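Asks: There's a structure below that I have some questions on.
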Amino acid sequence: MHWPTHAYIPGVNARHPESAFEFVKASVNDSLSVVELAQCSAFQHGLRYLQNGYYWEAHEVFEPVWMVLPEGSDERVFVQALIQVANAHLKLAMKRPKACLRLCDLSKDLLTKNDVRALMGIDVAIIREMVERLEAKTV
C-alpha cells in the first residue's frame, strides 16, 4: 500500500506532483472485468484513502476505475457515489459545509439508484452510514 506524503486540501497545502499516483492508476485498463476492477490497486487504494482521510487522493485513483466501468452499470454508479463521498469529505475539510451537504445528497441519490446490498465487494450500507456520519458533522 502506497500512502501519500499528506492529504491534499486545496487552498491549504501543496498539491501532489502530477505523476504521484500514476503507478496506482496504471492498474486500470478497459480489458479488466468488474471483478478484476474491484480487486485492482486503484480501487483498493481508493477505498483505503477514503477510509483514512485522503479524500482528494481517493477521488484521483477512483476516477480511472469509474471511467472504464460499463456505462449505466450499477458498479459505475457506485464508484461515482464513492467519488462524490470523497468530494463531500474534502469540501468539509475546506470548510465548505453547504457544498459538503450538496455532495452528500448527490451521493445518497447515487447509492439508492439500485437495490443491491453489495457492489465491488463493498457493503453499500457502510457507505450510506459514512455519508450519514459526514452529514452529522456539518450541523
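The values are calculated or read from the model by the stated rules, or taken from the named source; none is laboratory data. Predicted, not measured: the structure shown is a model, and the values here were computed from it. Note: ideal-geometry Cβ built from the backbone for every residue, glycine included; neighbour counts use all protein chains shown. Heads up: the accessible areas ignore ligands, DNA and RNA and are worked out on the full protein's heavy atoms, side chains in. Shrake-Rupley method; radii C 1.70, N 1.55, O 1.52, S 1.80 Å.
Asks: Which one of these is open to solvent by less than 50 Å² (accessible area, probe 1.4 Å) and either without any contact (Cβ under 8 Å) to a residue 12 or more places away in the chain or touching a strand residue (DSSP E or B) at 6+ places or on another chain (Cβ under 9 Å) (or both): ALA14, ALA38? Please lay out each step first, then the result.
Replies: On the way: ALA14 fails: open to solvent by less than 50 Å² (accessible area, probe 1.4 Å).
The conditions single out ALA38.
Results for (1) touching a residue at least 40 places away in the same chain (Cβ under 8 Å); (2) touching a Phe, Trp or Tyr at 6+ places or on another chain (Cβ under 8 Å), shown as yes or no for each residue.
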| position | (1), (2) |
| --- | --- |
| GLY53 | yes, no |
| HIS59 | no, no |
| GLU63 | no, no |
| VAL77 | no, no |
| GLN80 | no, yes |
| LYS91 | no, no |
| PRO97 | yes, no |
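Asks: Something else now. Out of LYS95, LYS113, LYS91, report the one residue that is within 14 Å of LYS137 (Cα to Cα) and not in a helix (DSSP H, G or I).
Replies: Details: LYS113 fails: within 14 Å of LYS137 (Cα to Cα); LYS91 fails: not in a helix (DSSP H, G or I).
None of the other options fit; the residue is LYS95.
Asks: Quick one: is GLU36 touching a Pro at 6+ places or on another chain (Cβ under 9 Å), part of a helix (DSSP H, G or I) and of a type in the set (Asp, Glu)?
Replies: Values: touching a Pro at 6+ places or on another chain (Cβ under 9 Å): no; part of a helix (DSSP H, G or I): yes; of a type in the set (Asp, Glu): yes.
Taking the combined requirement at face value, the residue does not satisfy it.
Asks: Hey, another quick one. Does PHE78 qualify as being under 15 Å from ILE127 (Cα atoms), among the hydrophobic types (A, V, I, L, M, F, W, C) and open to solvent by less than 50 Å² (accessible area, probe 1.4 Å)? Let's see the steps before the verdict.
Replies: Values: under 15 Å from ILE127 (Cα atoms): yes; among the hydrophobic types (A, V, I, L, M, F, W, C): yes; open to solvent by less than 50 Å² (accessible area, probe 1.4 Å): yes.
For PHE78, the condition - under 15 Å from ILE127 (Cα atoms), among the hydrophobic types (A, V, I, L, M, F, W, C) and open to solvent by less than 50 Å² (accessible area, probe 1.4 Å) - is met.
Let's see how each residue does on (1) buried (at least 18 other Cβ atoms within 10 Å of the Cβ); (2) of a type in the set (Asp, Glu):
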site	(1), (2)
ALA20	no, no
VAL24	yes, no
SER27	yes, no
PHE43	yes, no
GLY46	yes, no
GLU60	yes, yes
PRO70	no, no
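Asks: Let me confirm something: among ASN87, ASN114, which residue is more than 24 Å from ASN13 (Cα to Cα) and of a type in the set (S, T, N, Q)?
Replies: Details: ASN87 fails: more than 24 Å from ASN13 (Cα to Cα).
Criteria check complete, one pass: ASN114.
Asks: Select from segment 92-139 the residues that are under 28 Å from GLU71 (Cα atoms) and among the small types (Gly, Ala, Ser) and write down the one among them that is most open to solvent (accessible area, probe 1.4 Å).
Replies: By that ranking, first place goes to GLY121.
Asks: Checking GLY46 against (1) of a type outside the set (Val, Ile, Thr); (2) under 16 Å from GLN84 (Cα atoms); (3) in contact with a Pro (Cβ under 6 Å, 6 or more places away or on another chain), which test does it fail?
Replies: (3)
Asks: Additional query: Checking the structure you have, find out if any residue of segment 47-59 is part of a helix (DSSP H, G or I), touching a Ser or Thr at 6+ places or on another chain (Cβ under 8 Å) and under 19 Å from ILE126 (Cβ atoms). Outline the logic, then answer.
Replies: Here is the first cut: in segment 47-59, the ones part of a helix (DSSP H, G or I) are 47-51, 55-59.
Next cut, touching a Ser or Thr at 6+ places or on another chain (Cβ under 8 Å) only: none.
No: segment 47-59 contains no residue that is part of a helix (DSSP H, G or I), touching a Ser or Thr at 6+ places or on another chain (Cβ under 8 Å) and under 19 Å from ILE126 (Cβ atoms).
Asks: Same structure, new question: Looking at SER27, SER19 in this structure, which one is in a loop (DSSP other than H, G, I, E, B) and either without any contact (Cβ under 8 Å) to a residue 12 or more places away in the chain or aromatic (Phe, Trp, Tyr) (or both)?
Replies: Values: SER27 fails: either without any contact (Cβ under 8 Å) to a residue 12 or more places away in the chain or aromatic (Phe, Trp, Tyr) (or both).
Just one listed residue meets the conditions, SER19.
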